[in-house]
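Read the structure below first, then the notes.
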Amino acid sequence: MSVAKEILFSRLGFRFGTNGPHAARTMMLDDLRILFARLPVDATRADYAEDVVARNALGKPTKKARELTLRHLTALYGLDPKLPLFRALRRIWGSDEAAQPMLALTVALARDPLLRSTQPFILSKAPGALVAREDIENLFAANHQDRFSPASLKSFAQNVNGTWTAAGFLSGRIRKTRSVPVVTPTNVALCLFLGYLEGLSGQRLFTSPWMGLLAGSSGELEGLVSSASHRGLLVFMNAGGVKELRFPDYLTVEEEQVRQEASSVI
């Protein structure tokens with residue numbers, strides 16, 4: 001992907017580079033749930049900072065720990081309603097508790113390159129297959145030759161495995177095996193929206209890598225899309241096999257222009 005395209009996608013909420021919060025943390029699902037339960041949907045970036053650092057909403061022992069927590073959460077999710085990706089997450093979060101682990105994972109994948117680099121490996125594993133921590137370590141070592149120590153690689157792998165486990169893709173405390181996550185209409189709506197942000201439309205939205213996160217046949221996923229439409233999470237029309245998806249009020253006029261510009265940049 002070109003630098004110009006990355007800059008435009010960054011304005012929509014995506015993050016790029018080589019490092020990410022999973023060098024130090026998992027996707028911090030429990031912390032995210034606490035914050036979203038405490039603050040209103042339209043809370044600003046300053047509101048999140050005040051709640052985490054000044055009010056110590058997450059119960060961290062020192063100011064430095066609170067500041068690091070805020071930094072990692074901001075890197076993972078944005079915590080800023082000016083970012084369309086975060087705004088969409090916040091908009092649909094409270095409507096479906098069962099969807100929340102996958103919602104958090106989806107946004108974390110869009111914003112953490114370290115976590116994103118493990119997605120093809122995890123999805124390639126069949127349900128029930130063993131997923132060893134050492135396999136993730138070897139994956140990082142191959143992608144970042146001579147950059148990290150063995151201790152760092154082990155820590156990265158543990159954090160990544162913790163996230164995939166919290167999201168339902170892995171199960172087991174020590175011996176991890178591939179499992180099938182809970183997928184709801186809310187999850188489908190967010191995955192479709194991420195594909196839309198990347199410039200896809202119509203049938204192409206159904207075959208994006210984001211939809212590849214979701215288990216199920218094409219018929220099952222289409223049924224979930226219909227349910228999402230009935231819940232007002234999106235607009236889905238299917239006439240004569242021609243599919244059209246819309247996301248009313250998800251983007252401002254300016255953001256829609258950025259989305260269209262990004263889709264045309266090589």
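So the check is Cβ under 8 Å with 6+ separation or different chains; which pairs have a first residue in segment 200-219 that's at positive phi and a second one that's exposed (fewer than 15 other Cβ atoms within 10 Å of the Cβ) and at pLDDT below 90?
Gly202/Val242
Table: residues versus (1) over 25 Å from Leu8 (Cβ atoms); (2) in the same structural domain as Leu85 (by TED's automatic domain parsing); (3) of a type outside the set (Phe, Trp, Tyr); (4) at pLDDT 95 or above.
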{"position": "Phe169", "(1), (2), (3), (4)": "yes, no, no, yes"}
{"position": "Gly172", "(1), (2), (3), (4)": "yes, no, yes, no"}
{"position": "Cys191", "(1), (2), (3), (4)": "no, no, yes, yes"}
{"position": "Tyr196", "(1), (2), (3), (4)": "no, no, no, yes"}
{"position": "Gly199", "(1), (2), (3), (4)": "no, no, yes, no"}
{"position": "Gln203", "(1), (2), (3), (4)": "no, no, yes, no"}
{"position": "Phe206", "(1), (2), (3), (4)": "no, no, no, no"}
{"position": "Gly212", "(1), (2), (3), (4)": "no, no, yes, no"}
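For segment 50-69, which positions are surrounded by fewer than 17 Cβ atoms within 10 Å (Cβ to Cβ) and acidic (Asp, Glu)?
Glu50, Glu67
Please give the helices (runs of 4 or more DSSP H) falling wholly within segment 142-240 in which 3 or more residues are over 19 Å from the mean Cα position of the chain (by Cα).
Answer list for segment 142-240: 150-166, 218-230.
Counting only residues that are over 26 Å from Gly168 (Cβ atoms), give me the helices (runs of 4 or more DSSP H) lying completely in segment 1-107 with at least 1 of them.
3-12, 45-49, 63-77
So which residues in segment 131-168 are out of contact with any Lys or Arg (no Cβ under 7 Å at 6 or more places or on another chain) and touching a residue at least 60 places away in the same chain (Cβ under 8 Å), if there are any at all?
Across segment 131-168, the qualifying residues are His144, Ser152, Ser155, Phe156, Val160, Gly162, Thr163, Ala166, Ala167, Gly168.
Would segment 37-49 turn up any residue that is hydrophobic (A, V, I, L, M, F, W, C), touching a helix residue (DSSP H, G or I) at 6+ places or on another chain (Cβ under 6 Å) and either under 17 Å from Trp210 (Cβ atoms) or surrounded by 20 or more Cβ atoms within 10 Å (Cβ to Cβ) (or both)?
The answer is no; no qualifying residue exists.
If you check Gly240, Gly223, which single one turns out to be surrounded by fewer than 10 Cβ atoms within 10 Å (Cβ to Cβ) and either outside the structural domain of Gly94 (by TED's automatic domain parsing) or over 20 Å from Ala88 (Cα atoms) (or both)?
Unique residue meeting the criteria: Gly240.
In segment 117-135, which residue that is closer than 23 Å to Phe16 by Cα and among the aliphatic types (A, V, I, L, M) is surrounded by the fewest Cβ atoms within 10 Å (Cβ to Cβ)?
Leu123
Ala142: farther than 23 Å from Phe14 by Cβ, out of contact with any helix residue (DSSP H, G or I) (no Cβ under 8 Å at 6 or more places or on another chain) and among the small types (Gly, Ala, Ser), yes or no?
Answer is yes for this residue.
Take Leu83 and tell me if it is out of contact with any Asp or Glu (no Cβ under 6 Å at 6 or more places or on another chain) and touching a residue at least 60 places away in the same chain (Cβ under 8 Å).
Spelling it out, Leu83 is indeed out of contact with any Asp or Glu (no Cβ under 6 Å at 6 or more places or on another chain) and touching a residue at least 60 places away in the same chain (Cβ under 8 Å).
Conditions (1) farther than 26 Å from Arg259 by Cα; (2) within 13 Å of the chain's Cα centre (by Cα); (3) in the same structural domain as Ala37 (by TED's automatic domain parsing), marked per residue:
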site: Tyr77; (1), (2), (3): no, yes, yes
site: Asp80; (1), (2), (3): no, no, yes
site: Arg90; (1), (2), (3): no, yes, yes
site: Ala98; (1), (2), (3): yes, no, yes
site: Pro101; (1), (2), (3): yes, yes, yes
site: Ala104; (1), (2), (3): no, yes, yes
site: Leu130; (1), (2), (3): yes, no, no
site: Glu134; (1), (2), (3): yes, no, no
site: Phe140; (1), (2), (3): yes, no, no
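The values are calculated or read from the model by the stated rules, or taken from the named source; none is laboratory data. Everything quoted here is computed from the prediction, not taken from an experiment. Methodologically, a virtual Cβ is constructed for each residue, glycine included, from the backbone with ideal geometry; neighbour enumeration extends over all protein chains shown.
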